[in-house]
Amino acid sequence: MRKKPTIELRTSPHAHAGDDVVRIMRNVVYALLPICAFTVWQFGLSALALILIVTATSLGSERLFNRLSDKPNSLGDWSATITGLLLALTLPPGFPLWMGAVAGFIAIALGKALFGGLGMNALNPALIGRAFVQAAFPVAITTWTPALFEGRFTSFIPSTLTPPFLQAPAIADWVQSVRVDAFSGATPLAMQKFEGVQADILDLLLGTTAGSAGETSALLILLCGLYLAARRMLDWRIPIMVLLGAALTAGLFYLIDPSRYPDPAFVLCSGGLMLGAWFMASDMVGSPVTPLGVVVYGLLIGVLTVVIRLFGGLTEGVMYAILLGNAATPLIDQLTQPRVFGARRASK
């Protein structure tokens, strides 16, 4: 007797792109590797150690919470690896390693495990870890070191190996010993905000300035982000809207007073805006899903970033702007729901 074919009934969508979480996450790691390599080239052993320690702590914390919650091992989905890499890239290259380990643990514990794991976190885990250490260690998080200093592959930045709860050595004395000229200890954002000195755009594109470990080369980050967009591993509308919102807001203030406010090109290429736009704001879990929602979400982050930079007490605003955007995502999705085909819009 001929066996009858089985009919399988499923809900939409019926057509799939063939991508799964593991493949997407793995490609994000691939896109981050050139940025990590450039970071090591810029800052040497200290940057390499920071990336390894923060990532290892994130992976270890993920495994720990898997055991505590009796869940299967989730290290194979690459999400904890991405959290560790992104978190390390947002920290100063000379950040003490024990503080980096604390940041990695907090990122997984409060940013991911507390919400139930992958796909359930309301906020970006890497930024949760970064926000915690910014509040807990304000001096270390704002201590910068020069790029491409002599001896970076043979010795550590002194603050890197600082024991827990002890004060780090003075950076000023070390800077003189590594033969770096004209290093003020400030990032381009700090120099522009407090001294009115705007860094050269080419330096910001190529990454020859001081700053967080992986945020200095805007051009490299852009190319890595475009790789993900070309592979359809992220919604390209989100980073474009973030950059557009920042450019329009910065352009408005620049037209009002060019002597006081930076031009849009400087705003786009400086600080962590490029890294945040392409690799953090585009997080699939914390961003809206409606077509209009992603536009509103991206513009909101771009506008908030510039407003915090120009009028807040901090020189950088990307982290808080993205976290606020994550928090607003459920409301944005609710307010931007498209009309169901054939149905009337609800009356106000």
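Taking 29, 318, 139 in turn, the Gaussian network model of the chain (Cα-Cα springs below 10 Å) assigns the largest fluctuation to 139.
In the calculated pair distance distribution of the stretch 41-136, what percentage of Cα-Cα distances lie above 16 Å?
Numbers: 2168 of 4560 pairs.
Roughly 48 percent, rounded to a whole number.
Mean separation of Cα pairs under 8 Å and 6 or more residues apart, divided by the residue count, gives the chain a relative contact order of 16 percent.
If Lys and Arg each add +1 and Asp and Glu each add -1, what is the summed charge of the other residues whose beta carbon sits under 12 Å from the beta carbon of residue 323?
Values: positive: 130; negative: 283.
Value of the local net charge: 0.
In this label model, residue 73 and residue 155 are separated by 4.1 nm, measuring between points 7 Å along each Cα→Cβ vector.
Note on the stretch 230-348: Cα-only Rg and Dmax are 15.6, 54 Å.
Each residue of the stretch 279-292 was assigned a 3J(HN,Hα) from its phi angle through the Karplus expression (A = 6.51, B = -1.76, C = 1.60, θ = phi - 60°), giving 10, 10, 5, 7, 3, 5, 6, x, 10, x, 10, 7, x, 6 Hz with x at Gly and Pro.
Fully extended, how many nm does the chain gain between residue 114 and residue 195 (0.36 nm per residue separation, minus their Cα-Cα distance)?
This chain segment gains 25.0 nm when fully extended.
Phi angles of the stretch 94-108 translate, via the Karplus equation with coefficients 6.51, -1.76, 1.60 and θ = phi - 60°, into HN-Hα couplings of x, 4, x, 5, 5, 5, x, 5, 4, 4, x, 5, 5, 4, 6 Hz per residue; Gly and Pro are given as x. Shown here for the stretch 258-342: chymotrypsin sites (Phe, Trp or Tyr not before Pro) in loop regions (DSSP other than H, G, I, E, B) with at most 14 other Cβ atoms within 10 Å, namely 341.
Mind giving me the FRET efficiency for residue 219 and residue 292? R0 is 45 Å, r the Cβ-Cβ distance, nearest 0.05 is fine.
On the way: r = 31 Å, r/R0 = 0.68.
About 0.90, to the nearest 0.05.
Any chance you could tell me what percent of the C-alpha pair distances in the chain go past 35 Å? The proportion of pairs with Cα distances above 35 Å equals 25 percent. Net charge in the neighbourhood of residue 309 (other residues with Cβ under 9 Å of its Cβ; Lys, Arg +1, Asp, Glu -1) is 0. When the chain is treated as a GNM, springs tying every alpha-carbon pair under 10 Å, which of 122, 47, 80 comes out with the largest mean-square fluctuation? Largest GNM mean-square fluctuation: 122. Expressed per residue, the C-alpha convex hull volume of the stretch 213-284 stands at 79 Å³. Using a cutoff of 8 angstrom between alpha carbon atoms and counting only pairs six or more residues apart, the relative contact order for the stretch 188-337 works out to 25 percent.
Find the accessible area per residue for the chain; the probe is 1.4 Å, ligands and nucleic acids are left out, and the unit is Å². Can you show the working numbers first?
Values: 17620 Å² over 348 residues.
Result: 51 Å² per residue.
When only alpha carbons are used to place a centre, the stretch 57-136 and the stretch 262-284 end up 22 Å from one another.
Taking Cβ atoms as reference points and 12 Å as the exclusive limit, the residues near residue 273 contribute a net charge of -1, counting Lys and Arg as +1 and Asp and Glu as -1.
A cut-off of 5 Å between modelled amide H atoms, ignoring neighbours fewer than 5 places along the same chain, links residue 157 with 46.
The values are calculated or read from the model by the stated rules, or taken from the named source; none is laboratory data. Worth saying up front: this structure is predicted, and the values here are computed from it rather than measured. Because the Cβ atoms are built from the backbone with ideal geometry, glycine has one as well, and the counts that use them run over all protein chains shown. Surface areas here come from the heavy atoms of the whole protein model, side chains and all, with no ligands, DNA or RNA. Shrake-Rupley method; radii C 1.70, N 1.55, O 1.52, S 1.80 Å.
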